[in-house]
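Have a look at the structure below, then the notes.
Throughout, read-outs are computed from the coordinates displayed, never taken from laboratory work. Note that the coordinates shown come from a computational prediction; the quantities given were computed from them, not determined experimentally. For neighbour counting, all protein chains shown are included, and Cβ atoms are generated from backbone atoms with ideal geometry for every residue, glycine included.
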Amino acid sequence: MSAVPANTGPASTGTEIPESDVLVRVDNVTKHFPVRTSGLIRRTIGQVQAVDDVSLVIPRGKTLGVVGETGSGKSTLARCIAGLIPVTAGRVTFDGRDITNLSRRAMQPVRREVQMIFQDPYSSLNPRRRVGSIIGDPFAIHKTATGAERKRQIQELMERVGLNPEHYNRFPAEFSGGQRQRIGVARALALRPKLIICDEPVSALDVSIQAQVLNLLTDLQQDYGLSYLFIAHDLEVVRHVSDSVAVMYLGRICESGPEGDVYGSPRHPYTAALLSAAPAADPDTAASRQRIILTGDVPSPIDPPSGCRFHPRCPKARPLCGEQEPQLEAKAGDPASHVTACHFPVVAGEDLAAAYRSEVA
Amino acid sequence: MTLLEVRDLHVSFNTADGVVQAVRGVSFDVDAGQTLGIVGESGSGKTVLTQTLLALTPGATVTGSATFEGTDLLDMTEDQMRHVRGERISVIFQDPLTSLHPLYRVGWQVAEMIRAHDKSVSKKEGTERAVELLRRVGIPRAEQRVNDYPHQFSGGMRQRAMIAMALALSPRLIIADEPTTALDATVQAQILDLLLRLQQESGTALIMITHDLGVVADIADEVMVMYAGRAAEKASKRDVFYAPHHPYTKGLLESIPSSSAAGDRLIPIPGQPPSLINLPSGCKFHPRCGYVFDRCLTEEPVLRPVSEDGTHTSACWLPVEAAGLSEKAEELREETVREGRGEAAAAVAEAAAADIPGVAVVGIDGEGAAQ
């Protein structure tokens, strides 16, 4: 294994797909939140580097999965793409149009095509409004259908997501968690968007219900040619729905590529550790696999580590890792679409768990 | 050696809407040094079950027995119970942020646990032991962190502090109620690793309550699958994962994207868990079951042995031999359903199949029925 020199060229987006197949292109997007002192004069004393120099591509009709732990910046990234918060630097292109920091008015037509499904079906539905009216909101906001026509379309949507259209006048409290998430899906689907951003859409649901919603999302994608940006911390759920996967750590993408490549032969030690840590619902797999137990916690994004942001927790870290930031690039033997930001990528068959350094050892 | 022996435990609550039958006749044993995994979805009664053992369910109507080291936990006075809680049986709750008091230092809270049970321990000794415990659960620079407040700890560290507290008095049994659900995967791995190691060191028995079959696959010896307040299936870990008998267990496995039972397309369980106030007749799972036949509608099955050695038990009317994921077992199940399903059960099966596309209901083309 040899040190790979850092690539100083432009960050690779990890895709060699034709431009016409690209729905969303994110170029070097950075989002920093200022940290201010309290009091009258709110001096800025630092920046939370929530998303830092992230580039990715969502192809038409495909699913890009984003995995990462709490604080990795995956939800912030989603909000930047949806135009819910302005980006600090970088560019977001949707369907060939630059939509970076558009005004509210200019953003309006784009919002029809980008919808979101949120994590918690309990807090994302107004408890005092009837389900029909919640699902009909997009029609009202964008003035696309009124009266009887709106009701017909809403009931069609309800049927499509597996809800009984007769429950049009019920309140969210009368539905279970899985059904509520279907209401959220119906609302997202109302304007026939091109992209649906799913931010942890099933993590609040029980497994048997989770499978219902995942299957529904898959069916809708096939029927309407939707693209998904699918964010979750559950690696197996992401694997199940995604065509390609990006792994985030502390605001950066540390590895991305086709689902089979990233899961099959992870090159970044963090990806390898995440995969080894995920609980496998299979006793033999659980017993035979070597867990890579990471030491410590994710550092603060206000003052991220120098060089590779993962180096303080990395079992393979060497002095170079703390000094020089690795670039996302295809490693030896990988297809051009599988890129990793690591100076010393994991090689096939390497026993990372041997470098197991439990802090409690 | 049997440490805890629970027999026919019933727990119900009177509410304005009616009687909630949270636990309806559960029996199980926990041996010293063993790990029992209790799996179930929201509302299956798994938390109420264990909280009842420690008299943490005020207002509940409880019947049955729970013998721990020779005494019935359910007959204890409040005073006796205070000596069991924390000292003999301790609990780790799901959310470490709400389980720790935000206004007291972590070290003080760990020391308080010790001092509450042993008045002879001075404040200084208590703090020293807290440092020692925090070190044991892997908190770096424990002698400094002992003076931190909970908000200065990360989620994983808070859960470590909770574990330190649970260990403080060397209990014989630890009940961990979804201890890693609020944590990230890498931190979850750290905590499970820690629990396993501490258990091996001290020979403590563990009841692990979780909805995550992955956690169970990792650390349990025995598994009890709960549904609507009862054990649907109880077996060794291997039998539950590789030879499930109850259609609910099988359905859970097929719902998980990572399990060997799940194929390209997930097979969800149709419908929703039942209301515990208004339970269905017969087998409580029958409205959601792909193998429903007439007997399921009228008679509630009880746990019976489905393996030769009798350790694998299941509460389902399907033939005893119909365990596992093999084609032969599936044929046997389908044959039973064909013979036993009359009009009433067929209507239930149709309703289940119509609930969502893609569910597997024997005798009905799921896709077709749903469209």
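Other protein chain C-beta atoms within 10 Å of residue C-beta, averaged over A:231-242: 3.
Peptide packing for A:332-340, A:316-324, B:43-51 was compared via the average number of neighbouring C-beta atoms within 10 Å per residue; ordered from the highest value, the list is B:43-51, A:332-340, A:316-324. For the peptide A:288-295, the mean number of other protein chain Cβ atoms found within 10 angstrom of a residue's Cβ is 3. Highest mean packing comes first when the peptides B:194-203, B:226-235 are listed by Cβ atoms within 10 Å, giving B:226-235, B:194-203.
Helix B:155-167 axis versus longest C-alpha principal axis of chain B: approximately 80°, rounded to the nearest ten. If you take the square roots of the eigenvalues of the alpha-carbon gyration tensor of the range A:266-361 and sort them as a ≥ b ≥ c, do you get rounded (a/c under 1.5), prolate (a/b over b/c) or oblate? Oblate shape, in that a/c is at least 1.5 and b/c is the bigger or equal ratio.
Here the dipole of chain B is about 1460 debye; that uses its Cα centre as origin and unit charges on the Cβ of Lys and Arg (positive) and Asp and Glu (negative). Shape class of chain A from the alpha-carbon gyration tensor: prolate, with a/c at 1.5 or above and a/b greater than b/c. Relative to the longest principal axis of the Cα atoms of chain A, the long axis of helix A:147-160 makes an angle of roughly 50 degrees. Among A:Gly178, A:Pro258, A:His32, which residue has its Cα positioned farthest towards the positive end of the charge dipole of the protein assembly as shown, with +1 placed on the Cβ of Lys and Arg, -1 on the Cβ of Asp and Glu, and the dipole taken about the Cα centre? After comparing all options, I get A:His32. For the range A:46-101, trypsin sites (Lys or Arg not before Pro) are listed when DSSP marks them as loop and at most 10 other Cβ atoms sit within 10 Å of their Cβ; the list is empty. Relative to the longest principal axis of the Cα atoms of chain B, helix B:343-355 runs at roughly 60 degrees. Note on B:Ala347 and A:Arg105: their simple-model spin labels are 6.1 nm apart, each label 7 Å out from Cα toward Cβ. Could you sort out which of A:Lys74/A:Lys194; B:Lys237/B:Lys284; B:Lys250/B:Lys284; B:Lys46/B:Lys234; A:Lys31/A:Lys194; B:Lys46/B:Lys284 sit more than 18 Å apart by Cα distance in this structure? Pairs exceeding 18 Å: A:Lys74/A:Lys194; B:Lys237/B:Lys284; A:Lys31/A:Lys194.
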